[in-house]
Amino acid sequence: MAELTALESLIEMGFPKGRAEKALALTGNQGIEAAMDWLVEHEDDPDVDEPLATPLGHVLGREPTPSEQGGPKGPGSAVGEGKPVLTEEERQEQTKRMLELVAQKQREREEREEREALERERQRRRQGQELTAARQRLQEDEMRRAAEERRREKAEELEARQRVREKIERDKAERAKKYGGNVGSQPSPPATEPGPVPSSPSREPPTKREYDQCRIQVRLPDGTSLTQTFRAREQLAAVRLYVELHRGEELGGAQDPVQLLSGFPRRAFSEADMERPLQELGLVPSAVLIVAKKCPG
């Protein structure tokens, strides 16, 4: 039995004829091993089965044989001159060696692809770690900027509150100066004036008692109340100033003017009433006033 040619051996191992011929032609017809290396290397190429544009014989550096041209085989064409004849066992052994060589090439390729895949995975993980670190740095920068912004806003808010408090204190000082000092302190009882000397031993009871002090209870809008004693001759403005100084220290609260109302009979005191004494307004010896926010204007 004749020895198989390189083309026949490749076809025997399961490679398509066109692909085997292309592999032999592109490797310069240097043998089965070189052709198998090319086949294993390019088996996934999309154009692996496309025929060569150059005739096969010219690529190999020889004229194509009748079998390569697709013509009929002449007598003895399967057996080359001077080639030894292989037995069936030798042919099978040669095919077995070729198949082992193909399997080895495929294993080498798979190992190479596995190494390349591992390297790509390491590269992907390294890039992912770098991206995560960059995101973390960006997040930390944003958090620092946000903290600095909060600190700046808090400082501005504290500064604004300080300015408001200073303005409130200035307003308090101006009103206290206008109305004769701190009206919140307990006034000292005035010296009693000597009464008229009776003309006769018999003392007649006075028809109307004169009060020197007035006890005022002020009810605030939140339900709490303030109680203070004023002189009967003090103006109603002193009561309003006392309320504005003691009604609460919430931000901006002491800036709002207040309106004083009498409980019964219902009466709203005007700006003109603020200059009138308490006894003239009928608030002596005691009275209950209600505080309402004064509408601006």
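The values are calculated or read from the model by the stated rules, or taken from the named source; none is laboratory data. All figures in this text were calculated on a predicted structure; none of them were measured in a lab. Every residue, glycine among them, receives a Cβ derived from its backbone with ideal geometry; neighbour counts consider all protein chains shown. When the accessible area is computed, the model is the full protein with side chains, heavy atoms only, and any ligands, DNA or RNA have been set aside. Shrake-Rupley method; radii C 1.70, N 1.55, O 1.52, S 1.80 Å.
Residue by residue through the range 1-16, note down the ones that are at pLDDT 80 or above, not β-branched (V, I, T) and not in a helix (DSSP H, G or I).
Matches in the range 1-16: M13, G14, F15, P16.
One residue is enough: does the range 178-194 have a residue meeting the conditions at pLDDT 80 or above and not in a loop (DSSP other than H, G, I, E, B)? Lay out the reasoning, then the answer.
Going residue by residue through the range 178-194, those that are at pLDDT 80 or above are 178.
Checking which are not in a loop (DSSP other than H, G, I, E, B) leaves us with 178.
Checked the range 178-194: at least one residue is at pLDDT 80 or above and not in a loop (DSSP other than H, G, I, E, B).
Determine which single condition R19 fails, assuming it passes every other condition in (1) at pLDDT 85 or above; (2) part of a loop (DSSP other than H, G, I, E, B); (3) within 20 Å of L99 (Cβ to Cβ).
Result: R19 passes all but (2).
From the list R124, R137, R91, R109, exactly one residue is in contact (Cβ under 8 Å) with a residue 40 or more places away in the chain, over 19 Å from A34 (Cα atoms) and part of a helix (DSSP H, G or I). Which is it?
Numbers: R124 fails: in contact (Cβ under 8 Å) with a residue 40 or more places away in the chain; R137 fails: in contact (Cβ under 8 Å) with a residue 40 or more places away in the chain; R109 fails: over 19 Å from A34 (Cα atoms).
Going through R124, R137, R91, R109 in turn, the sole match is R91.
Of the residues in the range 30-42, how many are in contact (Cβ under 8 Å) with a residue 24 or more places away in the chain, open to solvent by 40 Å² or more (accessible area, probe 1.4 Å) and within 16 Å of M98 (Cβ to Cβ)?
So in the range 30-42, the residues in contact (Cβ under 8 Å) with a residue 24 or more places away in the chain come out as 31-33, 35-37, 39-41.
Now narrow it down to the ones that are open to solvent by 40 Å² or more (accessible area, probe 1.4 Å): 33, 37, 41.
Now restrict to residues that are within 16 Å of M98 (Cβ to Cβ): 33, 37.
Residues that pass the stated criteria total 2.
If you go through the range 226-251, how many residues are more than 19 Å from A272 (Cβ to Cβ), at pLDDT 90 or above and open to solvent by 50 Å² or more (accessible area, probe 1.4 Å)?
2
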